[in-house]
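As structure tokens, the structure follows; a few thoughts come after it.
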Amino acid sequence: MTFISSSGLPVVVGITGASGAILAKTTIDLLLKKGHSVIATASSAARMVWREEMDESFGVAIERWKDDGDFSYQAVGDLSAQISSGTFSTAGMAIVPCSMASVAAIAHGLADNLIRRAADVSLKERRPLVLVIRETPLNSIHLRNMASLAEMGATILPPVPAFYLGHKTIEDIADFASHRTMIALGLDDRLPIHMNYTGDQ
Ligand SMILES: Cc1cc2nc3c(=O)[nH]c(=O)nc-3n(C[C@H](O)[C@H](O)[C@H](O)COP(=O)(O)O)c2cc1C
């Protein structure tokens, strides 16, 4: 069953400078494949990590997504962009991957770039906010900031593999995390059949 948000509203995807650029790729690919409208924004650290991990400039990815579906990009420094305002309705926001710097800023209401401001808006408007965090090990500052965000209603979703599913590749793990993100955003209600635990693995 294809499960499009009943509102048909755009989904905001923030990309920060944590490792795991592939997580952003698979999540946006999946959203577009399922017919969602996506508005993305990426920090300068995210663009740097993208170049290192994906062997292409982030600009190439933007053009590909524009060809693939209803995709638009808003510059991270543009605090007058639509997603900066609560009056612009969205289905929610995922930050993927989400750095500890962005976790800290959002936990403390520091809305100094478009990703952080859009996350702040999602919290104040009580819209789904999913943070696909990537750091290990975690210190007590990280843990406290994540606990604050969870108490405010955000979903903290580390892209941890489901070892019982026998993932073979990084792509499998990223795909799994992206499907979990869709569910956390309320855009899907279950994992695809091949990702459902049957006990046979
Ligand atoms: C190659 C590379 C990998 C990084 N990986 C991580 C990471 O996995 N988690 C993290 O919290 N920060 C990571 N960082 C550090 C962040 O990029 C840095 O804290 C940055 O200020 C985050 O800013 P942003 O959240 O605005 O993107 C990494 C930096 C580089 C250059």
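The values are calculated or read from the model by the stated rules, or taken from the named source; none is laboratory data. Everything quoted here is computed from the prediction, not taken from an experiment. Heads up, the Cβs are rebuilt from the backbone with ideal geometry, glycines too, and the neighbour counts pull from every protein chain shown. Keep in mind that these areas ignore ligands, DNA and RNA; they rest on the heavy atoms of the full protein, side chains included. Shrake-Rupley method; radii C 1.70, N 1.55, O 1.52, S 1.80 Å.
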Item to check | The one condition in (1) away from the ligand (no atom under 16 Å from the Cβ); (2) out of contact with any strand residue (DSSP E or B) (no Cβ under 7 Å at 6 or more places or on another chain); (3) of a type outside the set (F, W, Y); (4) open to solvent by 20 Å² or more (accessible area, probe 1.4 Å) that S72 fails to fulfil | outcome: (2)
Checklist entry - If you take just the helices (runs of 4 or more DSSP H) that sit entirely in the range 1-84, which of them hold at least 1 residues that are under 15 Å from the mean Cα position of the chain (by Cα) and of a type in the set (A, V, I, L, M)? => result 21-33, 44-54
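Among the residues of the range 71-90, are any on the phi > 0 side of the Ramachandran plot and of a type in the set (G, A, S)? Talk me through it step by step, then tell me what you get.
Going through the range 71-90, the residues on the phi > 0 side of the Ramachandran plot turn out to be none.
No, the range 71-90 contains no residue that is on the phi > 0 side of the Ramachandran plot and of a type in the set (G, A, S).
Would a scan of the range 186-197 turn up a residue that is within 24 Å of V12 (Cα to Cα), touching a Pro at 6+ places or on another chain (Cβ under 7 Å) and in contact (Cβ under 8 Å) with a residue 40 or more places away in the chain? Lay out the reasoning, then the answer.
Going through the range 186-197, the residues within 24 Å of V12 (Cα to Cα) turn out to be 186-192.
Among the residues that remain, those that are also touching a Pro at 6+ places or on another chain (Cβ under 7 Å) are: 186.
Filter again for in contact (Cβ under 8 Å) with a residue 40 or more places away in the chain, leaving 186.
Yes.
May I ask you to say which residue of A75, A45, A61 is of a type in the set (A, V, I, L, M) and touching a residue at least 40 places away in the same chain (Cβ under 8 Å)?
Working: A75 fails: touching a residue at least 40 places away in the same chain (Cβ under 8 Å); A61 fails: touching a residue at least 40 places away in the same chain (Cβ under 8 Å).
None of the others qualify; the one that does is A45.
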Checklist entry - What about V132, is it under 24 Å from K25 (Cα atoms) and touching a Cys at 6+ places or on another chain (Cβ under 7 Å)? => result yes
Checklist outcome for this item: Residue count, the range 25-51, condition within 15 Å of the ligand (Cβ to nearest atom) and in contact with a Ser or Thr (Cβ under 9 Å, 6 or more places away or on another chain), comes to 9
Next on the checklist: I'm checking my understanding of the structure. Among residues of the range 93-118 that are more than 8 Å from the ligand (Cβ to nearest atom) and open to solvent by 40 Å² or more (accessible area, probe 1.4 Å), which one is nearest to I183 (Cα to Cα)?
Outcome noted: R117
Next on the checklist: Tell me whether the range 142-157 contains one or more residues that are open to solvent by 40 Å² or more (accessible area, probe 1.4 Å), hydroxyl-bearing (S, T, Y) and touching a strand residue (DSSP E or B) at 6+ places or on another chain (Cβ under 7 Å).
Outcome noted: yes
Checklist entry - Can you name every residue in the range 161-201 that is open to solvent by 80 Å² or more (accessible area, probe 1.4 Å) and either in a helix (DSSP H, G or I) or under 23 Å from A101 (Cβ atoms) (or both)? => result F163, Y164, I170, E171, R180, I193, H194
